[in-house]
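Trainee: Below is the structure I would like to discuss, written out as structure tokens.
The values are calculated or read from the model by the stated rules, or taken from the named source; none is laboratory data. Computed from a predicted structure; not experimentally measured. Backbone-built Cβ (ideal geometry, glycine too); neighbour counts: all protein chains shown. Side chains are part of the model used for accessible areas, which takes the heavy atoms of the whole protein and leaves out ligands, DNA and RNA. Shrake-Rupley method; radii C 1.70, N 1.55, O 1.52, S 1.80 Å.
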Amino acid sequence: MKIFWIRFSFLTLLLCVSAAAHAQQTLREIKVTGIERLEPETVSSYMNLKRGQPITQDVIEEALRNLFQTGLFADVKIRAENGIMNVLVIENPIINQIAFEGNQRIEDDELLAEIAIRPRQVFSRTKIQAAVTRLSQLYRRQGRFSAVIDPKIIKLDQNRINLVFEINEGDITKVRSIRFIGNERFSDDQLREEITTKETRWYRFITADDRYDPDRLAFDQELLRRFYLKEGYADFNIVSVNSELSRDNQDFYITFNIEEGERYKFGDVRIDSQISNFDSSVLQPDITFSEGNWYNAESVQETITNMTNKLGDLQYAFVNVRPVPRKNREEQTIDVALQINESPRVFVERININGNVRTLDKVIRREIEVVEGDPFNRTKVAESEQNIKDLGYFESVHVEAKQGSAPDKSVIDIDVEERSTGELSVGAGFSTSDGPLADFRIRERNFMGRGQDVLLAATVAGERTEFDFSFTEPYFMNRDLAAGFDLFHITRDLQSESSFDQKRSGGALRLGYPLSEHWRQTLRYRYEYNNIDNVAPTASLFIRQQAGERTTSAISQRLSYEDVDSTLFPTDGLLGWFDTEYAGIGGDANYVSAKLGASYYTPVYGDIIFNLLAETGAITGIGNENVEINERFFLGGSTLRGFKQAGIGPRDVTTTDSLGGNYFYRGTAELTFPVFLPEELGVKGHAFSDFGSLWDIDETSSLANPFDDNQSIRVSAGVGMSWRSPFGPIRVDFGFPILKEDFDEEERFRFNFGTRF
């Protein structure tokens, strides 16, 4: 009986397998229904099926996946019967128009550029959801975390739709509080000054620093790390950063959880050179730290840069300077070994420049410190990247070195993103010297993508009108020669100072070139028409005698030295200049003049900056020629605070008209310090003392027209306040003369304000 049941079960299994084999279908035909725009053959091709292949559940499921992945269909159903695969599809509609409603802060074009869908594309819910996410991210980057984007569909005929994004932008989400946990050495206020994200305050309406930005917050973490490493806390660690959004989506509360660790000093400092026959002692002056100093990571990096540059100058192009620190936790010191190894000899094979649509390749290449065939030098590559950034033509610059066609070759890829270099500005302002003023300026700093600078400017003020046009070619004849020309027309009302008006019209040619890293020479030729008119009948005889027209044809040079941390707002370094001019190559003027000056900046403590400026000058006629009033020096106003414009120097006793002078010297000692306002406002206090003198004119005095001329020193002192406002620089000074002459004219208050928008 047992054997019988085994045989019966085996026979039943064979019958089932045979029936299943007969039930399995073979694909003979594909029928597609429900299509409106597509062809049946197109739908069949997406399914990736072949006639004659078995129809299984896996085959049907794969065909469904293939059709849905095209994004063309809202729904798909497949049914197989007698070898025929029936496919019923519902096509996604076509987008007819895309519109945005409710957006006020961001224009439609900017929103459309941010999403990946366009009119005449196939509608897809996945794409719409991605677009909503992208738009939300755009608003979040602007600090609007409460923005709501709701896509609406308006159905049209012929399976078309209009897509409308209804936007509620909401208010800007501000950073209400920034707290630190774990900080013992530095207060919360000190650490807040080191990061770029700021707490919201009423006066921050002019900045966006109090808006929550995740990218900026990531950068702030790096700034904190740099700050602590600069102060010697080598074990510093950021445990976590928590950003909590309030329930009303209006404010963020940010908490930095940090571990400061112990503070370290520099221990043993040595140079380990692996270069044969090289005296490493020549690099000792390039080390910016020493044993016993507090550890400073910035000093270590500065030392590496200095040593790399020195080795490059000594013809060691293929070297690698690497710091090897070793912590001694018991003594809280860090030994630093500066290892110098000969790196493999690598040459620059090729330099690729990408992303410059408008700017010519040569404009970028001339800023690169290496060329094809040069030894590869990372320091020079980094300098090249900074040079390109300093042009101001690009939104972003990224330089990357990659392996070339051989191990000893390197390819440098430079990716740039261009920015607008044109400027159109209209401005208004007021100054004590010129009164109310209006300003119009058009400038293109990268004309035709050639790196040329073109400027057209006009200023109309109460006591001055000026029109200027200038053109500069920074690389004349493909050399580091800045050549250009200037055209100008200036009228000045000098009635209050010297009882006359002045008109100046002319032009100049100039050529500048570097002598070294910090020294620069500029040559200039100037031709000028000068007219002294509207001379008051009561004006000084000396001025009435010089009324009329004259021309000046002069050549000049300027030798300048610049080694400061910032050209616009220096806080450390030295500026120097030496100017000479010779007039007499044609024209009516015949004189030679010279000016020599220097300005030194140094930090005293923290953000307190000391500035010492000194300048002197002289002008003398050639032969028997006199120096006319339009060629002389004047002193006062911004050059000697506490005194009026042209407030000191030779003066007619009878009319009190200022006559100018042939010789002068002046100086300033100024202390700039922060006031009790947030640093980002750009408000600074100043305490200053100015000194100087102006004397000597060519005319001789007479009893009928005596003039006062005394070369005694004048000294003033005062305080002031400046604001780097978004509307332009504003400065107020209160100056008080300490040493003066009776005929000098004083000015206690001086105010300057200018803006462009």
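Trainee: Quick one: the Cα spread of the range 504-645 along its three principal axes, in angstroms, biggest first?
Mentor: Computed over the range 504-645, the largest-to-smallest principal extents equal 56, 37, 26 Å.
Trainee: Which semi-axes, in whole Å and largest first, does the equivalent ellipsoid of the range 225-360 have when worked out from the alpha carbon gyration tensor as the square roots of 5 times its eigenvalues?
Mentor: On the way: eigenvalues 268, 161, 24 Å².
Listed largest to smallest, the semi-axes of the range 225-360 are 37, 28, 11 Å.
Trainee: Protein chains only, probe 1.4 Å: how do HIS489, HIS398, HIS686 rank by accessible area, largest first? Spell out each step's value before the answer.
Mentor: Working: HIS489 70, HIS398 95, HIS686 10 Å².
Solvent-accessible surface, decreasing: HIS398, HIS489, HIS686.
Trainee: Between TYR253 and ASP109, with labels modelled 7 Å along Cα→Cβ, what's the label distance in nm to one decimal, could you check?
Mentor: The two pseudo-label positions are separated by 4.3 nm.
Trainee: Show me, for the range 585-597, the HN-Hα J-couplings you get by feeding each phi into the Karplus relation (A = 6.51, B = -1.76, C = 1.60, θ = phi - 60°), rounded to Hz, glycine and proline as x.
Mentor: 8, x, x, 9, 7, 9, 7, 9, 9, 8, 9, 9, x
Trainee: Convex hull over the alpha-carbon atoms of the range 502-548: what's its volume per residue in Å³? If you can, show how the numbers build up before the last one.
Mentor: Working: hull volume 5.2 nm³, N = 47.
It comes to 110 Å³ per residue, whole-number rounded.
Trainee: After finding the eigenvalues of the alpha carbon gyration tensor for the range 83-203, what semi-axes result from the square roots of 5 times each, listed largest first in whole Å?
Mentor: Its equivalent ellipsoid spans semi-axes of 45, 18, 10 Å.
Trainee: Let me spell out the model: positive unit charges on the Cβ of Lys and Arg, negative unit charges on the Cβ of Asp and Glu, origin at the Cα centre of the chain. What dipole size does that give, in debye rounded to 20? Could the numbers behind the result be given before it?
Mentor: On the way: 86 positive and 117 negative charges, 758 e Å.
That gives the chain a dipole magnitude of about 3640 debye.
Trainee: A further question follows. In degrees between 0 and 90, to the nearest 10, how far off the longest principal axis of the chain does helix 125-141 point, with axes built from Cα atoms?
Mentor: It is inclined by approximately 20 degrees.
Trainee: Which angle from 0 to 90°, rounded to the nearest 10, does the C-alpha axis of helix 378-390 make with the longest principal axis of the chain?
Mentor: Once rounded, the angle reads 70 degrees.
Trainee: Can you grab the distance from the C-alpha centre of the range 611-679 to the C-alpha centre of the range 558-608, Å, no decimals?
Mentor: 15 Å
Trainee: Just the accessible area per residue of the chain, please: how many Å² with a 1.4 Å probe? Provide the component values of the computation, followed by the final result.
Mentor: On the way: 41170 Å² over 757 residues.
On a per-residue basis, 54 Å².
Trainee: Could you compute the FRET efficiency for ASN168 and GLN142, with r as their C-beta to C-beta distance and R0 at 22 Å, rounded to 0.05? Walk me through the numbers before you get to the answer.
Mentor: Values: r = 14 Å, r/R0 = 0.64.
Working from the Cβ atoms, E equals 0.95.
Trainee: Report, to two decimal places, the Cα Rg of the range 584-692 normalised by 2.2 N^0.38 Å (N = number of residues). Don't skip to the answer; put the middle values down first.
Mentor: Values: Rg = 18.7 Å, N = 109, 2.2 N^0.38 = 13.1 Å.
Dividing the Cα Rg of the range 584-692 by 2.2 N^0.38 Å gives 1.43.
Trainee: Applying the Karplus parametrisation 6.51 cos²θ - 1.76 cosθ + 1.60 with θ = phi - 60° to the phi angles of the range 105-119, what ³J(HN,Hα) value in whole Hz is obtained for each residue in order, glycine and proline being reported as x?
Mentor: Each residue's phi maps through the Karplus curve to give 7, 10, 6, 4, 4, 5, 5, 5, 5, 7, 9, 9, 9, 9, x Hz.
Trainee: Once neighbouring chains are kept in place and the probe is 1.4 Å, which whole percent of the accessible area of the range 114-232 is contributed by carbon and sulfur?
Mentor: C and S atoms contribute 46 percent here.
Trainee: Same structure again: Roughly what angle does helix 2-23 make with the longest principal axis of the chain, taking Cα atoms, 0 to 90 degrees, to the nearest 10?
Mentor: So the helix axis and the longest Cα principal axis differ by about 50 degrees.
Trainee: Express the carbon and sulfur contribution to the solvent-accessible surface of the range 535-575 as a percent, rounded to the nearest whole number, probe 1.4 angstrom.
Mentor: Working: 1190 of 2170 Å².
Answer for the range 535-575 is 55 percent, counting heavy atoms of protein chains only.
Trainee: Take the alpha-carbon centre of the range 348-424, take the same for the range 103-157, and report the distance between them in whole Å.
Mentor: 36 Å
Trainee: Return the sequence-ordered ³J(HN,Hα) values of the range 283-299 in whole Hz as given by the Karplus equation 6.51 cos²θ - 1.76 cosθ + 1.60 applied to θ = phi - 60°, using x for Gly and Pro.
Mentor: Using θ = phi - 60°, the values come out as 8, 4, x, 7, 7, 9, 9, 8, 4, x, 6, 5, 4, 9, 5, 5, 5 Hz.
Trainee: Next question, about the same structure. Report relative contact order for the chain in percent, whole number only (criteria: Cα-Cα under 8 Å, sequence separation at least 6). Can you show the working numbers first?
Mentor: Values: 1700 pairs, mean separation 38.8, N = 757.
Relative contact order for the chain comes out at 5 percent.
Trainee: Over the heavy atoms of TYR663, what accessible area does a 1.4 Å probe trace out, to the nearest 10 Å²?
Mentor: My reading of the accessible area for TYR663 is about 80 Å².
Trainee: What is the log10 of I(q)/I(0) for the range 37-138, computed with the Debye formula using one identical point scatterer on each Cα and no solvent, at q = 0.13, 0.18, 0.21 Å⁻¹?
Mentor: Debye output, listed in q order: -0.60, -0.87, -1.06.
Trainee: Carbon and sulfur atoms: what percent of the 1.4 Å accessible area of the range 374-511 do they account for? Please list the in-between numbers first.
Mentor: Working: 3830 of 6950 Å².
Exposed carbon and sulfur together represent 55 percent of the surface.
Trainee: Gain in length, GLN121 to ARG419, computed as 0.36 nm per residue apart minus the alpha-carbon separation, to one decimal in nm? Spell out each step's value before the answer.
Mentor: Values: separation 298, 0.36 × 298 = 107.28 nm, distance 3.06 nm.
Using 0.36 nm per residue and subtracting the Cα-Cα distance, I get 104.2 nm.
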